[in-house]
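Here the structure is laid out as structure tokens; the discussion comes afterwards.
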There are 2 protein chains.
Amino acid sequence: MDAFILDNIALHIDIDKDEANLFLSLLEHKSLKSKESLLQQGNVCRSINFVVKGCLRMYTSDENGKEHIVMFAPENWWCTDLFSFHTSSLSTHSIEALENTVVAQLTHQNLEKLYIKVPKFERFFRVLFQNGFIMYQNRISSELALPTDQKYKIFKKLYPGLNKRIAQKHIAAYLGITPVFLSMLRKKYNDIN
Amino acid sequence: MDAFILDNIALHIDIDKDEANLFLSLLEHKSLKSKESLLQQGNVCRSINFVVKGCLRMYTSDENGKEHIVMFAPENWWCTDLFSFHTSSLSTHSIEALENTVVAQLTHQNLEKLYIKVPKFERFFRVLFQNGFIMYQNRISSELALPTDQKYKIFKKLYPGLNKRIAQKHIAAYLGITPVFLSMLRKKYNDIN
DNA sequence: CGCGACGTTGATTTGCCTCAACGATTGTGG
DNA sequence: CCACAATCGTTGAGGCAAATCAACGTCGCG
């Protein structure tokens, strides 16, 4: 289980055995059943979450109670409401499991400890946030410039296979359309995958 | 002029005089006239840009030639196509001055030098990208969940005063609506600011 | 096996777009 | 510094993409 997250770290920095053990000691593992909540809109987000197994969705509910998905986090993804996490303000997002899911969690306190004891992790999270920044920059770009069917294609490329794992209504909530309209699109383009 | 960017650095890390001088020596300054281009879609983005004075817009053109603005960068903002910058791939964004503008530029090479010589800058850019990540996360969230008039309000809060400095058509291109429709909105809500 | 959630399909509505014409503002050269 | 051109903003008419509403078929879980 720990191997997954150490591999993820190794993508961006090299750490030795002691550093790895320190890092692992700062993690807390948590198992969630499908549909179980990890964070509720209006609470403070207390952890950065790494998905070991399963899949999360992060979403906001609008004034009509409709849900809009900001990101999915299948295996090897990180997921948090970073603003709430960093400022201890009330979260505008909820995070929930779409399948039975196992996450490794890093609290704010433990992250600060980590930065101090192993400054290399500044670099790791610099690269992580940088990649997240790039992902969102591209998402906004395509959100504004592309028609819905192309956004759907990008979704499938960004989250390979997720298409078949999760409910259509969640894909619709990610794309910013209704399940009804996604159904029509899929029919129109004879989409099977 | 250097004071602006040093103040910006000081928001997140403390550096001494030598480090400041090293940092400044790695910067290149550039002046742009209004409407002049800093990056063209299809070229490689070679620098991270800090706006000392004036205002930039970063945008993509879609297949019909319509422009969609991903972000504005008035004074004290940083602006780059981070994906192109980091991977030396062709940029999907253009960057252009909306006013006569002065930027301080950091090339990829110089940034890497900086990380090596003053590792504290890992932290600075970690926090910078973190804030950018948060900004985009919130933008996507409101893009999906909020009606247009509320997105307009958020724009005004995020970029105080920019409303009066730039053309309406650029605000429309940021909000993802047509100038015609923004005009109707402003009338409907008796919007002056 | 039965119930509830999900997906599909069709009819109707709506938010925003396009097109076009007209006023306002900006900026540039004489 | 004014005049005129070019760009920008406004307003109205008509159109389209996607939403809503509703009814029905289907799937998965207890």
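Limiting things to C-alpha atoms, what are the Rg and the maximum Cα-Cα separation (Dmax) for chain B, in angstroms?
17.6, 56
For the residue pair residue B:90 and residue A:17, what label-to-label distance in nm results when each label sits 7 Å from Cα along the Cα-to-beta-carbon direction?
The answer from the label model is 4.9 nm.
In nm, what is the difference between 0.36 nm times the number of residues separating residue A:34 and residue A:108 and their Cα-Cα distance?
Separation in residues times 0.36 nm, less the Cα-Cα distance, equals 24.1 nm.
Across peptide A:2-14, how many C-beta atoms of other chains are within 10 Å of each residue C-beta, on average?
0
Copy-to-copy spacing for residue B:107, label 7 Å out on the Cα-to-C-beta vector, in nm, shortest first?
Once sorted, the set of distances for residue B:107 reads 4.7 nm.
Provide the convex hull volume over Cα atoms per residue for the stretch A:69-178, in Å³.
123 Å³
Quickly estimate the mean residue ellipticity at 222 nm for chain B, helices only: each DSSP H run with n ≥ 4 gives -39500 (n - 2.57), and the total goes over all residues, rounded to 500.
After summing the helix terms and dividing by the residues of chain B, the value is -14500 deg cm²/dmol.
Suppose R0 equals 51 Å; then what is the FRET efficiency for residue B:6 and residue A:181 from their Cβ-Cβ distance, rounded to the nearest 0.05?
0.50
Per the Debye formula with a single identical scatterer at each Cα and no solvent contribution, what log10 I(q)/I(0) holds for the protein assembly as shown at q = 0.12, 0.14 Å⁻¹?
Each listed q maps to, in turn, -1.03, -1.39.
In what sequence, highest mean first, do B:170-180, A:120-130 appear when ranked by Cβ atoms within 10 angstrom?
So the peptides B:170-180, A:120-130, ranked by packing, come out A:120-130, B:170-180.
Here is the link list: B:156/B:187; A:151/B:151; A:17/B:120; A:153/B:169; A:17/B:117; A:156/A:188. Which ones come out longer than 19 Å on Cα distance?
Exceeds cut-off: A:151/B:151; A:17/B:120; A:153/B:169; A:17/B:117.
Could you point to the residue in B:101, B:78, A:138 farthest towards the positive end of the protein assembly as shown's charge dipole, with +1 and -1 charges on the Cβ of Lys/Arg and Asp/Glu respectively?
In the protein assembly as shown, that residue is A:138.
Calculate the dipole size of the protein assembly as shown relative to its Cα centre from +1 charges on Lys and Arg beta carbons and -1 charges on Asp and Glu beta carbons; express the result in debye to the nearest 20.
About 1220 debye.
State whether the stretch B:146-193 is rounded, prolate or oblate according to the following rule on the C-alpha gyration tensor (a ≥ b ≥ c being the square roots of its eigenvalues): a/c under 1.5 gives rounded; otherwise a/b larger than b/c gives prolate, and the remaining case gives oblate.
Verdict is rounded for the stretch B:146-193.
Please report, for residue B:148, the nm distances (one decimal) from its label point, 7 Å out from Cα along the beta-carbon direction, to the equivalent points in the remaining copies, shortest first.
Ordered by increasing distance: 1.7 nm.
Tell me the trypsin sites (Lys or Arg not before Pro) within the stretch A:1-40 that lie in a loop according to DSSP and have at most 10 other beta-carbon atoms within 10 Å.
Counting only loop positions with at most 10 other Cβ atoms within 10 Å, the trypsin sites (Lys or Arg not before Pro) in the stretch A:1-40 are A:33, A:35.
Roughly how big is the stretch B:2-144's charge dipole about its Cα centre, with Cβ charges of +1 (Lys, Arg) and -1 (Asp, Glu), in debye to the nearest 20?
The dipole of the stretch B:2-144 has a size of about 80 debye.
Can you list, shortest first in nanometers, how far residue B:3 lies from the same residue in the other copies, with each label 7 Å from Cα toward Cβ?
From this label point to the equivalent ones elsewhere in the assembly: 5.9 nm.
Among B:167, B:152, B:183, whose Cα sits farthest toward the positive end of the charge dipole of chain B (+1 at Cβ of Lys/Arg, -1 at Cβ of Asp/Glu, about the Cα centre)?
It is B:183.
Bear in mind these aren't lab numbers, they're just calculated from the coordinates by the rules spelled out. Only a predicted model underlies this, so the values are computations on that prediction, with no experimental measurement involved. Ideal geometry is used to build each Cβ from the backbone, glycine not excepted, and the neighbour counts take in all protein chains shown.
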